[in-house]
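Asks: To start, I am sharing the structure in question, which I have written as structure tokens.
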Amino acid sequence: MTMDEIAKSLGVSKSTVSRALSGKGRIGKNKRQEIIEFAKQNGITVTEEKTVSSSAKKISPENNNESPIITRNLGVVFPSDVYFNGSPFFYECLLGIYEAASLMDYNVIVTTAAANDMTGIQKLLDEKHIDGLILTRNMEDEHFLKQLTDRHFPVGLTGRCENPDVIQVDADNSLAAENLVSLLVGEGYRKFAIVTDNMTFMVNQARYEGFCRGILKSGLSRDNQEFYSGKLSSELLETVMDDVMAKKVECVICGDDVICTKLMSKFQSAGYRIPKDIAIASLYNSYSLECFTPTVTSVNISARTMGNMIGRQLIQYIQGASVPVKTFLDYEILLRKSTGRKKN
């Protein structure tokens, strides 16, 4: 008797039969036993004990007396501000997650959350709609993450955190910022400004730390550089533009592509020539930066690859496989015309 025949006889999917007979993957105890007994009755030999290597992560239900409900759904959490700042990162990341989930016979449910509003996540958990959860940005307060991992609930993150039970996929944003500064110093720039938004986000902290290291390693004074952060409204960006020009900043480094897009538009609308009057670079690349003339120097990290990897790793983890806690993706620095070599 084949797995297809068993599945049809019991009214379950072929993948459910496969998980029951292989001992791999999450499936209710009663359903597993039902499939195993049926297989034995039809002459199929089944090995019910499976050995897991000591290095593998083991997932257990919150209550060991209850078998988890298998939904074959992943929850994906967008930060609530994503619909206002328009960052392509989150949509590219989601596309990668979809690709991985589809190949592994999983569905994706998207919700949003903020530091003070976990309603969407809580609903998915309470109604048992998902087998695992992917956060596309780390939370300022990791208490909620700890609550999930204390329950042995599978959690993935595109970013990094201090919780060793959260599967993390990220790029080394700090090193990327440091290397970008070093390259720009090599191009002849000496006075910089860095512009970021919310400094409670770990990615912005990492980029700023890398910027400062790059300045110091290049033998420049950090006190001679400018730093702007906060909720960067259109009016505030105009103030930033006027200030950097008044202070004779030579190159502005933007925390991400959204800031860079807005600030570069401001410079060009005001009649400034890039890079002749002011150079500009971004610590994250996106297709929007390729549409400018000149094209923008930036750090290129594939959000789609990041999403694909965290999706695959979390599903493997759910199915009982051993996966690395932290994975770092490669990045490249794209030197483009917005930071042409400075002529002294």
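Every read-out reported here was derived from the displayed coordinates using simple, explicitly stated rules and does not represent laboratory data. These figures come from a predicted structure and were not determined experimentally. As a convention, Cβ positions derive from the backbone with ideal geometry for all residues, glycine included, and neighbour counts pool all protein chains shown.
Asks: Arranged by the count of other C-beta atoms within 10 angstrom, fewest first, what order do Tyr317, Tyr287, Tyr272 take?
Replies: Values: Tyr317 20, Tyr287 9, Tyr272 16.
Fewest-to-most ranking of Tyr317, Tyr287, Tyr272: Tyr287, Tyr272, Tyr317.
Asks: Something else: For the pairs Lys31/Lys146; Lys146/Lys231; Lys29/Lys128; Lys8/Lys40, flag any whose C-alpha to C-alpha distance is greater than 23 Å. Intermediate values should be presented prior to the final figure.
Replies: Working: Lys31/Lys146 31 Å; Lys146/Lys231 29 Å; Lys29/Lys128 17 Å; Lys8/Lys40 16 Å.
In this structure, Lys31/Lys146; Lys146/Lys231 lie more than 23 Å apart at Cα.
Asks: Looking at Thr196, Met104, Ala279, which one has the Cα that reaches farthest to the positive end of the dipole of the chain (charges on Cβ: Lys, Arg +1; Asp, Glu -1)?
Replies: Ala279
Asks: May I ask you to compute the full-extension gain from Gln268 to Phe227, defined as 0.36 nm times their residue separation minus their alpha-carbon distance, rounded to one decimal in nm?
Replies: Full extension from Gln268 to Phe227 adds 12.6 nm.
Asks: To continue, here is another question. Would you mind telling me the antiparallel percentage of the DSSP bridges in the chain, rounded to 5? Before the final figure, lay out the partial values.
Replies: Numbers: 4 of 38 bridges.
About 10 percent, rounded to the nearest 5.
Asks: Among Asp117, Asp257, what is the fewest-to-most ranking by other Cβ atoms within 10 Å? Walk me through the numbers on the way to the answer.
Replies: Numbers: Asp117 11, Asp257 23.
Arranged by neighbour count, lowest to highest, Asp117, Asp257 become Asp117, Asp257.
Asks: Still on this model: Based on alpha-carbon atoms only, what is the radius of gyration of the chain relative to the globular estimate 2.2 N^0.38 Å? Please list the in-between numbers first.
Replies: Details: Rg = 24.7 Å, N = 344, 2.2 N^0.38 = 20.2 Å.
In units of the globular-protein estimate, the chain measures up at 1.22.
Asks: In nm, what is the difference between 0.36 nm times the number of residues separating Asn30 and Asp105 and their Cα-Cα distance?
Replies: On the way: separation 75, 0.36 × 75 = 27.00 nm, distance 2.22 nm.
Residue separation times 0.36 nm, minus the Cα-Cα distance, leaves 24.8 nm.
Asks: Still on this structure, I have one more. Under a Cβ-only charge scheme (Lys and Arg +1, Asp and Glu -1), can you give me the dipole magnitude of region 110-236 about the Cα centre, in debye to the nearest 20?
Replies: Values: 13 positive and 19 negative charges, 74 e Å.
Charge dipole, region 110-236, about its Cα centre: 360 debye, nearest 20.
Asks: Here is a further query. Helix-only estimate, please: 222 nm mean residue ellipticity of the chain, summing -39500 (n - 2.57) across DSSP H runs of length 4 or more and dividing by its residues, to the nearest 500. Mind dumping the intermediate values first?
Replies: Numbers: 12 runs with 138 residues, N = 344.
About -12500 deg cm²/dmol.
Asks: While we're here: Using a basic spin-label model with each label point 7 Å from the Cα along Cα→Cβ, how many nm lie between Gln316 and His129?
Replies: A separation of 2.8 nm, rounded to one decimal place.
Asks: Separate question: Taking 51 Å as R0, compute the FRET efficiency from the Cβ-Cβ separation of Met199 and Asn73 and round it to 0.05. Don't skip to the answer; put the middle values down first.
Replies: Working: r = 34 Å, r/R0 = 0.67.
Once the sixth-power term is evaluated, E becomes 0.90.
Asks: If you average the alpha carbon positions of region 94-148 and of region 220-272, how far apart do those two centres end up, in angstrom?
Replies: 34
Asks: Once fully extended, how much extra length lies between Tyr83 and Thr2, figured as 0.36 nm per residue of separation less the alpha-carbon to alpha-carbon distance? Please report the intermediate quantities before stating the final value.
Replies: Working: separation 81, 0.36 × 81 = 29.16 nm, distance 4.83 nm.
Full extension from Tyr83 to Thr2 adds 24.3 nm.
Asks: Starting from the amide H of Val110, placed 1.01 Å from N in the peptide plane, find each other amide H under 5 Å away whose residue is 5 or more places distant or on another chain.
Replies: Val76
Asks: How large is the charge dipole for region 197-344, taken about the Cα centre, if only the Cβ atoms of Lys, Arg (+1) and Asp, Glu (-1) carry charge, to the nearest 20 debye?
Replies: Numbers: 19 positive and 15 negative charges, 94 e Å.
Around 460 debye, computed over region 197-344.
Asks: Could you list, by residue number, the cysteines of the chain that have no other cysteine's beta carbon within less than 4.7 Å of their beta carbon?
Replies: Taking the Cβ cut-off of 4.7 Å, the unpaired cysteines of the chain are Cys93, Cys161, Cys212, Cys251, Cys291.
Asks: Mind putting a number on the dipole of the chain about its Cα centre? Charges go on the C-beta only, +1 for Lys and Arg and -1 for Asp and Glu, and I need it in Debye to the nearest 20.
Replies: Numbers: 40 positive and 41 negative charges, 159 e Å.
Its charge dipole is roughly 760 debye.
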